[in-house]
1. Find how much the distance from B:L173 to B:S243 grows on full extension, using 0.36 nm per residue of separation minus their present alpha carbon separation; answer in nm with one decimal.
2. Give me the one-decimal nm value for the distance between modelled label points at B:I121 and A:D281, 7 Å along each residue's Cα-to-Cβ direction.
3. Quick one: among B:V144, B:V177, B:V191, which has the greatest mean-square fluctuation in a GNM of chain B with alpha-carbon springs under 10 angstrom?
4. When the chain is fully extended, how far beyond the present Cα-Cα distance does A:Y300 get from A:K176, taking 0.36 nm per residue of separation?
5. Once you have a ≥ b ≥ c as the square roots of the Cα gyration tensor eigenvalues for the range B:20-88, tell me rounded if a/c is under 1.5, and otherwise prolate or oblate according to whether a/b is larger than b/c.
6. Please list the helices of chain A that count as membrane-span-like by this rule: a mean Kyte-Doolittle hydropathy of at least -1.0 together with Cα atoms stretching 15 Å or more along the helix axis, each helix being a complete DSSP H run.
7. Among all the aspartates and glutamates, which ones have a C-alpha under 13 Å from A:K135's C-alpha, if same-chain residues fewer than 8 places away are not counted?
8. Compute the length gained on full extension between B:L47 and B:L288: take 0.36 nm times their separation in residues and subtract their Cα-Cα distance, giving the result in nm to one decimal.
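Any read-out appearing in this document is the output of simple, stated calculations on the displayed coordinates, not a laboratory observation. Bear in mind the structure is a predicted one, so any value in this text is a computation, not a measurement. Counting neighbours? That spans all protein chains shown, and the Cβs are built from the backbone with ideal geometry, glycine included.
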Amino acid sequence: MSRNRQPLLEIKGLKKHFDISSGWFSREQKSVKAVDGIDLKVYPGETLGIVGESGCGKSTTGNTILRLLEATEGQILFEGEDLAKLSNKQMREKRKDIQMIFQDPFSSLNPRMKVFDLIAEPLRSHKAASGRELKKQVYELMETVGISKSFAERFPHEFSGGQRQRIGIARALALKPKLIVCDEPVSALDVSIQSQILNLLDRLQKEFNLTYIFIAHGLPAIKHISDRVAVMYLGKVVELADRDQLFEKPMHPYTEGLLSSVPIPDPENRNNRERIILKGDLPSPANPPSGCRFHTRCPYADEKCRTEEPAFSEERDGHHVMCHYPLKAGRGVLVGNS
Amino acid sequence: MSVNISAQTEAPREEEFEVSKRPNQLRRWAKLLLRSKTGTIGMLIVLSVCFTAVFAPFLAPYEPDAMNAANINVPPMWLDGGSSAHVLGTDSLGRDMLSRLIYGSQVSLIIGVFSVIVAGIIGLAMGILAGYYGKWIDNLVMRVVDSFLAVPNILLILVILGIFGSNMLTLILVLGVTNWVIYARLVRSEVLSLKERDFIRAAKSIGTKDSTIMLKHILPNVFSSFIVISTLSVATTIILEASLSFLGLGIQPPSISWGYMLSSGRDYLATSWWLATFPGLAITFTVLGIIFLGDWLRDVLDPRSQGRK
């Protein structure tokens, strides 16, 4: 459906390395390869979920798109224009179209600003509205995200996490952006509030025709909101597919492991499932394993995986995977490299 | 207000706030002030010192430099030999102590407050710029700060005053320019940690200008520690001015400051203790009042502590 259209955002070969120098005299330049060459396309109106465990580089990707971190290498094409090459001033203009929702609603709002000023900030920064018009727009935004107007003069500490996240959403929405990067917007919230916020995001997407990049480490949230899902492991995208495909027929052993780690609340059902438990920890991104990055933890790895890095190839329509032996439908059945 | 308090004591649930109207700003501040004992005391002391300074000509019973050779070193009125004509006694030239104290408040207060304002403005600006932009700006500012710290303050002040001469304006500027480094260091370190906070990144992602981020996000958040240091600093400046007077480079007679009175009273400490004691007490109380007020101000400026005190 959306695949025929021009992508709104296209990431090409994006890398973000953090240098770690170990003293004055050491010649050795080490770096943590937080994001190590990823390619993604985001189409207008869709939600691209990015999932992975802590330290896989998903938040770094989000921050790099918004130039909160400068990319080491690669292109970030927004409507065909490379954001990484823009001057600070040009980028400031572009920020009208790309906004971000932050993970921690407690630290992402200035404790000394009132709700009204917090929500008015984007409008004032870009001189989008002033005076009566500003007031009207701020109140409208508050209504849209479900905060009563009477709270306009309150400070963030007087609100609960869910309400603060609503304020954060109102801020992101104020300039009517095209793309919103949601950096784990619900992982700091209570489970009961999580669904409220997800539903709100869902509703706003339809209402304002928004495109989301939704970063999370929890699969249920991703499943709820995404159209397509990218699975990241150690700075690389290892699998990318439509949501239903990915959840029903994962092709990468890592995705399979992730899916099987989701707790099932129903004990009857739970026993029917084959548990695949990933061994070991995430290897250090400063010194990633040779060959396939996942081979140290993969139950199916062989000699080829240890030496040769697999390509990120399209196995089925729109289903990309980075594996020598992608899983076929049904668990644990291997097919040869096509 | 009662609505406000109940909303905070109960854990707020989603969408369950009652509407509360905030009282107008002035009344709110007055209420907050009366709720804190030390704040009230501090405010009273500071206001009365300011009042004294402003209305000195009307309050003082004598001219501050009116000498009376017949009444030298008269003790305060409640001691033997004291008289109600000179409530706090007279000095070695027969000048009325009370009148001198009242006039002295002008100079001490002006120098104390304004030099801190000068130092604070320079220090805040430099600290925020260095901390926020980092890189070579940070290096430059911090090396300048280091060189200021490497030279003893009093020496620097003496040199500058020696060149430009000593009057009120140069004193204020000199004390300000030599003290800004304290603020710059403090503010810079605060900014360094603030800069990494999410709400600064959020402001950047929204597209807020650097200048606005510094003024609206960083400045209010470094202000509370700034207030604490600067109130303490008013105190040390008043004392520094006193030591300059002692060295002969402070305020020059016939102007009077508490510091000058204190240092000139030292010679008579054994015989006429009131000459040094009363200016000393005046300095102590004023400083105490300013510190109380500053402490309260810091609490009030933090929106999170409202309603809890």
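1. Stretched out fully, the B:L173 to B:S243 stretch lengthens by 23.5 nm.
2. 5.4 nm
3. Comparing B:V144, B:V177, B:V191 in a Gaussian network model of chain B, the most mobile one is B:V144.
4. Numbers: separation 124, 0.36 × 124 = 44.64 nm, distance 4.69 nm.
Full extension of this stretch gives 39.9 nm more.
5. Numbers: a/c = 6.07, a/b = 2.85, b/c = 2.13.
In terms of gyration-tensor shape, prolate.
6. Helices meeting the span and hydropathy rule in chain A are A:115-125, A:131-145, A:161-173, A:191-208.
7. Filter leaves A:D117, A:E121, A:E143, A:E153.
8. On the way: separation 241, 0.36 × 241 = 86.76 nm, distance 1.28 nm.
Using 0.36 nm per residue and subtracting the Cα-Cα distance, I get 85.5 nm.
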